[in-house]
There are 2 protein chains.
Amino acid sequence: MDNSKSKCVLLTGGAGYVGSHTIIPLIESGYEVVVLDNLSNACKGHIKRALMPDVARGPHVFKTTGNEGQNPVPISQVEKLVGKPVTFYNVDLLDYDSLSKVFDKHNFCCVIHFAGLKAVGESCIIPLTYYRVNVSGSINLFQVMKEHNVKKLVFSSSSTVYGEPQFLPITESHPVGQNLLNGYAKSKYYIEGIIQDLCNSDKEWFVIILRYFNPVGAHPSGILGEDPTGIPNNLMPYVAQVAVGNRPCINVFGNDYNTVDGTGVRDYLHIMDLAEGHVSALQKLQNANENGAIAINLGTGNGYSVLQVIDMFSQVSGQKVKYAIADRRAGDCASSYCDASFAKSYLGWQAKRTLKEMCEDTWRWQSLYPQGFSTKK
Amino acid sequence: MDNSKSKCVLLTGGAGYVGSHTIIPLIESGYEVVVLDNLSNACKGHIKRALMPDVARGPHVFKTTGNEGQNPVPISQVEKLVGKPVTFYNVDLLDYDSLSKVFDKHNFCCVIHFAGLKAVGESCIIPLTYYRVNVSGSINLFQVMKEHNVKKLVFSSSSTVYGEPQFLPITESHPVGQNLLNGYAKSKYYIEGIIQDLCNSDKEWFVIILRYFNPVGAHPSGILGEDPTGIPNNLMPYVAQVAVGNRPCINVFGNDYNTVDGTGVRDYLHIMDLAEGHVSALQKLQNANENGAIAINLGTGNGYSVLQVIDMFSQVSGQKVKYAIADRRAGDCASSYCDASFAKSYLGWQAKRTLKEMCEDTWRWQSLYPQGFSTKK
């Protein structure tokens with residue numbers, strides 16, 4: 001199939017936190033979106049409400065026949081925001097045949113590959129599952145893409161591939177893959193390496209690897225956000241849960257780092273900025289006559305400390321966020337923030353939203369869904 | 001199943017060059033061997049004769065029902081040498097269910113994981129295939145092992161994980177994974193990383209990673225040897241094919257390296273020494289009360305130049321081996337040889353056979369099978 005004029009994009013893992021938010025600016029930019037997700041994180045979490053239709057509200061009834069990928073369903077929460085249906089397949093990347101059938105059915109111009117497990121701590125406990133889902137799943141996807149002559153890809157990588165920063169700000173030429181301490185980071189690093197070889201072997205491929213720093217926040221409507229299952233792994237959702245009264249207190253791991261106030265500094269990035277970065281990447285893939293694999297940092301370029309985030313969240317929410325200083329955690333570094341200049345020069349993209357907006361939008365979502373999507377206030 | 005007293009070993013890729021030779025000392029040491037192979041390299045090559053029964057000779061008829069893994073067949077060439085049948089399954093590691101059935105059927109004490117694609121040049125042309133077979137295949141295997149509580153493993157890694165040597169001789173603490181130029185080396189490096197995480201996550205695993213230097217030679221009987229398909233990738237089989245008259249001349253890539261005679265130096269290792277190294281590793285896995293992943297170089301610790309190998313082969317074969325000096329090849333280094341002392345102290349193993357024996361045994365096999373296994377002289 002000739003896909004040079006297609007505006008149809010496949011989003012693997014499109015029902016996850018980053019994927020679901022990215023659908024919105026994609027559709028606003030005129031793309032047709034097809035979402036593929038195995039709903040592995042979805043059943044207990046926000047996806048059920050975010051992407052599955054509210055059965056009581058109808059008229060769309062969520063139906064699948066297992067993993068056959070034959071039942072695209074319109075989806076609700078995102079659909080409300082964009083005002084049109086989004087095609088959805090309940091397919092696992094490890095299911096080669098079903099994946100292939102999805103490609104038979106659509107004429108994709110590009111794939112944005114969000115799908116993957118992402119909890120750093122969990123990857124140390126069940127590494128094989130992480131490698132299977134992330135690495136074997138990606139290999140399957142790339143093979144199916146190749147067979148269907150879809151050779152443009154945006155890949156969700158992570159700043160964790162840099163390991164402990166050797167210098168700041170982190171540029172794209174910072175060493176990668178050294179002393180990575182967990183299976184999550186290694187799986188992303190391995191997939192980047194596979195993509196590099198793939199592009200070396202076939203000059204028709206053009207891949208943009210996006211190395212996310214710390215995505216936070218929610219859609220400003222408050223009806224889409226991050227709803228981690230169980231105890232949040234990341235700072236912002238934890239702070240939000242303390243602010244809303246779900247958890248009594250947040251532990252701050254170390255206040256004796258060499259930073260502005262002794263607590264760890266990270267490059268937080270508003271989820272809608274990140275979402276828009278994917279649109280820019282996609283436009284680059286379609287419009288630039290290039291090939292090969294290119295890695296790009298997506299961050300603001302600014303670092304904020306844990307206490308600065310807690311303080312800002314307290315201000316915007318009007319809630320006192322109680323915290324306790326705890327010991328440093330193994331594997332944590334003092335500071336990590338990126339040089340975001342390459343994204344600006346190459347993609348014409350830069351983050352626009354402030355820490356205040358990150359906190360405000362998180363708080364709006366958390367206030368509407370104090371227990372997460374499963375229980376609207 | 002309690003496998004602490006089992007002497008039954010699974011050999012993935014047991015029909016390949018290293019695997020088939022390893023069966024012999026394993027059986028001589030009292031192990032029961034089960035071979036699993038997808039025969040992907042076998043149909044055109046030596047396996048057909050080495051491990052599949054000679055139909056004309058009977059009585060064993062090679063039968064499979066595809067990949068169902070239900071038809072262990074006795075095997076011929078190896079069987080002749082060891083004097084007993086070897087159970088064989090035509091199963092692909094990517095076929096999770098069939099693999100699992102093999103584990104249901106046997107009480108394995110350990111797995112020796114030979115299976116994988118191994119041509120460096122080819123891995124640059126079809127990298128996805130290499131990653132799929134080597135990495136996804138290994139992940140599947142480890143998952144099935146875990147589910148069957150088989151947590152002792154010998155893994156066939158490669159000296160290529162060291163990349164260009166930063167110092168000589170190469171010890172096991174030499175950096176790995178830096179500037180690897182091909183998918184083969186990277187796939188081995190990734191699998192080592194996955195094994196490391198697996199062992200960190202579960203202290204019941206005990207894995208010996210064997211980093212092979214340059215295996216050459218054949219069983220001294222002359223009825224088992226290396227039979228590459230197409231143009232040989234490696235020096236010794238190429239030299240043997242020139243000596244036997246199949247090819248007119250061998251190209252020597254570069255004679256201006258900083259070595260004894262300007263040609264590249266490598267650590268050649270007799271295949272039967274290598275085979276015995278696996279027995280030592282297996283005995284260590286069974287007898288030592290240890291856990292974790294440990295990497296061990298298998299080589300002689302001596303380097304020989306290309307011209308030294310050609311010269312020795314000419315001497316033992318009595319044939320003039322014609323060669324031509326060609327340009328250096330990208331990615332080749334001047335010298336690579338290992339520090340073999342850790343294998344000696346930890347496994348009690350060291351290579352015993354000389355370069356002369358490597359050439360003699362290769363020549364015996366090549367003389368008996370001038371066109372490879374498919375056409376006995």
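A few points about this structure:
- Whether chain B is rounded, prolate or oblate, judged on the alpha carbon gyration tensor where a/c under 1.5 counts as rounded: oblate
- In a reduced charge model with +1 at each Lys and Arg Cβ and -1 at each Asp and Glu Cβ, chain A shows a dipole moment near 800 debye about its Cα centre.
- Nonlocal amide H pairs with B:Tyr323, under 5 Å, H built at 1.01 Å: B:Ile250
- Note: the range B:139-294, Cα convex hull, 164 Å³ per residue.
- Cross-link pairs beyond the 24 Å C-alpha cut-off, checked among A:Lys5/A:Lys151; A:Lys188/A:Lys352; B:Lys7/B:Lys84; A:Lys151/B:Lys186: A:Lys188/A:Lys352
- Database remark: amide H of B:Ser335 closer than 5 angstrom to the amide H of B:Val265 (H placed geometrically; neighbours at sequence offset of 5 or more, or on other chains; Pro and chain starts carry no H).
- Residue by residue, the range B:10-26 carries 3J(HN,Hα) couplings of 8, 10, 6, x, x, 9, x, 4, 6, x, 5, 5, 6, 4, 5, x, 5 Hz when phi is fed to the Karplus relation 6.51 cos²θ - 1.76 cosθ + 1.60 (θ = phi - 60°); x denotes Gly or Pro.
- Average beta carbon contacts from partner chains per residue of A:201-207, 10 Å cutoff: 2
- Ranked from shortest, the separations from the 7 Å Cα-to-Cβ label point of B:Glu164 to its equivalents in the other copies are 2.8 nm.
- Charge-dipole axis of the range B:8-368 as Lys and Arg at +1 and Asp and Glu at -1 on Cβ define it, positive-most pick from B:Val78, B:Leu269, B:Ser187: B:Val78
- Of the beta bridges in the protein assembly as shown, as assigned by DSSP with both residues counted there, near 5 percent are antiparallel.
- Separation of the range A:323-377 and the range B:132-152, taken as the distance between their Cα centroids, equals 37 angstrom.
- Label-point spacing at B:Ser221 relative to the other copies reads 7.3 nm, in ascending order, each point sitting 7 Å out from Cα along Cα→Cβ.
- B:Phe253 long-range amide H proximity, modeled H, under 5 Å: B:Ala326
- Each chain gives up part of its surface: B and A jointly bury about 2200 Å² of accessible area, both sides summed, for a 1.4 Å probe.
- Restricting the calculation to Cα atoms, the range B:226-285 shows an Rg/Rh of 1.11 when the hydrodynamic-style radius is the Kirkwood one.
- Dividing the helix sum by the residues of chain A, where each DSSP H run of 4 or more adds -39500 (n - 2.57), gives a mean residue ellipticity at 222 nm of -10000 deg cm²/dmol.
- Cα gyration tensor, the protein assembly as shown - rounded (a/c under 1.5), prolate or oblate: prolate
- Gaussian network model of chain A, springs between alpha carbon atoms under 10 Å - residue of A:Ser40, A:Ser156, A:Ser221 with greatest fluctuation: A:Ser221
- The aspartates and glutamates whose alpha-carbon is closer than 12 Å to the alpha-carbon of A:Lys203, local same-chain residues fewer than 8 away aside, are A:Glu290.
- Unit charges on C-beta of K, R, D, E only; dipole of the protein assembly as shown, Debye: 860
- At an R0 of 25 angstrom, the distance between the Cβ atoms of A:Asp327 and A:Glu164 translates into a FRET efficiency of 0.90.
- Taking Cα centre as origin and charging only the Cβ of basic (Lys, Arg, +1) and acidic (Asp, Glu, -1) residues, the dipole magnitude of the range A:182-248 rounds to 260 debye.
- Copies compared at A:Cys249 - label distances in nm, ascending, label defined 7 Å from Cα in the Cβ direction: 8.2
- Here the 3J(HN,Hα) profile of the range A:278-288, calculated from phi with Karplus coefficients 6.51, -1.76 and 1.60 at θ = phi - 60°, is 5, 5, 4, 5, 5, 5, 4, 4, 7, 9, 8 Hz, Gly and Pro shown as x.
- Remark: the Cα gyration tensor places the range B:303-377 in the oblate category, a/c being 1.5 or greater and a/b not exceeding b/c.
- Pairwise centroid distance, computed over Cα atoms, of the range B:169-223 with the range A:90-118, Å: 32
- Between B:Thr87, B:Thr300, B:Thr22, the GNM of chain B built on Cα springs shorter than 10 angstrom shows B:Thr87 fluctuating the most.
- Surface analysis of the protein assembly as shown yields an accessible area of 39 Å² per residue, using protein heavy atoms and a 1.4 Å probe.
- GNM remark for chain A: springs join alpha carbons under 10 Å apart, and the peak mean-square fluctuation among A:Ala330, A:Ala243, A:Ala343 falls on A:Ala330.
- Whole-Hz Karplus values for the range A:30-40 come out as x, 7, 9, 10, 10, 9, 10, 7, 8, 6, 5 Hz, taken residue by residue from phi with 6.51 cos²θ - 1.76 cosθ + 1.60 and θ = phi - 60°; glycine and proline positions read x.
- Sites B:Lys344 and A:Lys344, calculated FRET efficiency, Cβ-Cβ separation with R0 51 Å, nearest 0.05: 0.35
- Beta bridges from DSSP with both residues in the range A:8-368: antiparallel share about 5 percent, rounded to the nearest 5.
- Peptide A:183-192 - average C-beta neighbours from other chains (10 Å radius): 3
The values are calculated or read from the model by the stated rules, or taken from the named source; none is laboratory data. Just so it is clear, the structure is predicted and the values come from calculations on it, not from any experiment. Every residue, glycine as well, gets a Cβ built from its backbone with ideal geometry; the counts of neighbours run over all protein chains shown. These accessible areas exclude ligands, DNA and RNA; they are computed on the full protein's heavy atoms, side chains included. Shrake-Rupley method; radii C 1.70, N 1.55, O 1.52, S 1.80 Å.
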